[in-house]
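**Q** Okay, here's the structure, questions in a sec.
The values are calculated or read from the model by the stated rules, or taken from the named source; none is laboratory data. All of these numbers come straight from a predicted model, not from anything done at the bench. Ideal geometry is used to build each Cβ from the backbone, glycine not excepted, and the neighbour counts take in all protein chains shown.
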């Protein structure tokens, strides 16, 4: 039985959605010209079209927020505190990657950072698994997409040394 009333749980959901989509907005701001920049890059045949990133990331951010809320609503920060703090850390790392890659065009640093992000997502997933398996399962598409994004980051960096120095 969740320790919070229905109204507090609803407010909590709004809070997790707001925090998660705030990170999304920070990334979106940094990637305002990403489509044209992405269009200039030499890409592998398996690279997705630029229009696909927005819908995929929107769905992933929604899943992330719901996952965090599911963990939070069990005991707030008192029980699964570490899991939620790691969640927030990976959210910050997620926002930073967009700046490194699209705004500052630092391919190698973006690759190192996305590997850190991947590790934080994997840790968050493991910590969420201990709290509620549904929350952990909601993070698996995110982990899969970041795995793909890391491979794409590496390939784009190696294929475009003049642009992603």
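**Q** From the list 156, 127, 117, 109, pick out the single residue that is out of contact with any strand residue (DSSP E or B) (no Cβ under 9 Å at 6 or more places or on another chain) and closer than 23 Å to residue 75 by Cα.
**A** Details: 156 fails: closer than 23 Å to residue 75 by Cα; 117 fails: closer than 23 Å to residue 75 by Cα; 109 fails: closer than 23 Å to residue 75 by Cα.
Result: 127 is the single residue among 156, 127, 117, 109 that is out of contact with any strand residue (DSSP E or B) (no Cβ under 9 Å at 6 or more places or on another chain) and closer than 23 Å to residue 75 by Cα.
**Q** Let me ask another. Given the structure, is residue 108 more than 18 Å from residue 57 (Cα to Cα), at pLDDT 95 or above and in a helix (DSSP H, G or I)? Give the steps one after another, and end with the answer.
**A** Working: more than 18 Å from residue 57 (Cα to Cα): yes; at pLDDT 95 or above: yes; in a helix (DSSP H, G or I): yes.
When the stated conditions are applied, residue 108 passes them.
**Q** Quick one: which helices (runs of 4 or more DSSP H) lie wholly within segment 1-81 and hold at least 2 residues that are in contact with a helix residue (DSSP H, G or I) (Cβ under 6 Å, 6 or more places away or on another chain), under 20 Å from residue 140 (Cα atoms) and in contact (Cβ under 8 Å) with a residue 40 or more places away in the chain? Talk me through it step by step, then tell me what you get.
**A** Numbers: elements: 6-30, 34-40, 50-75.
Correct list: 6-30, 50-75.
**Q** Let me ask something else. Kindly establish whether residue 57 is crowded, with 16+ Cβ neighbours inside 10 Å, within 18 Å of the chain's Cα centre (by Cα) and over 14 Å from residue 13 (Cα atoms). Walk me through it before giving the result.
**A** On the way: crowded, with 16+ Cβ neighbours inside 10 Å: yes; within 18 Å of the chain's Cα centre (by Cα): yes; over 14 Å from residue 13 (Cα atoms): yes.
Yes.
**Q** Of all residues in segment 143-165, which are surrounded by 15 or more Cβ atoms within 10 Å (Cβ to Cβ) and within 18 Å of residue 103 (Cβ to Cβ)?
**A** Those that are surrounded by 15 or more Cβ atoms within 10 Å (Cβ to Cβ) and within 18 Å of residue 103 (Cβ to Cβ): 149, 152, 153, 156, 157, 160, 164.
**Q** For residue 109, are the conditions met, namely being free of Cβ contacts under 8 Å to residues at least 12 places away in the same chain and surrounded by fewer than 14 Cβ atoms within 10 Å (Cβ to Cβ)?
**A** Numbers: free of Cβ contacts under 8 Å to residues at least 12 places away in the same chain: yes; surrounded by fewer than 14 Cβ atoms within 10 Å (Cβ to Cβ): no.
When the stated conditions are applied, residue 109 does not pass them.
**Q** Can you name the residue in segment 82-105 that is under 11 Å from the mean Cα position of the chain (by Cα) and without any contact (Cβ under 8 Å) to a residue 60 or more places away in the chain and, of all such residues, is surrounded by the fewest Cβ atoms within 10 Å (Cβ to Cβ)?
**A** First, pick out the residues of segment 82-105 that are under 11 Å from the mean Cα position of the chain (by Cα): 87-98.
With the extra rule that they be without any contact (Cβ under 8 Å) to a residue 60 or more places away in the chain, the set shrinks to 87, 89-90, 93, 96.
On the way: 87: 28, 89: 15, 90: 25, 93: 19, 96: 20.
Here the answer is 89.
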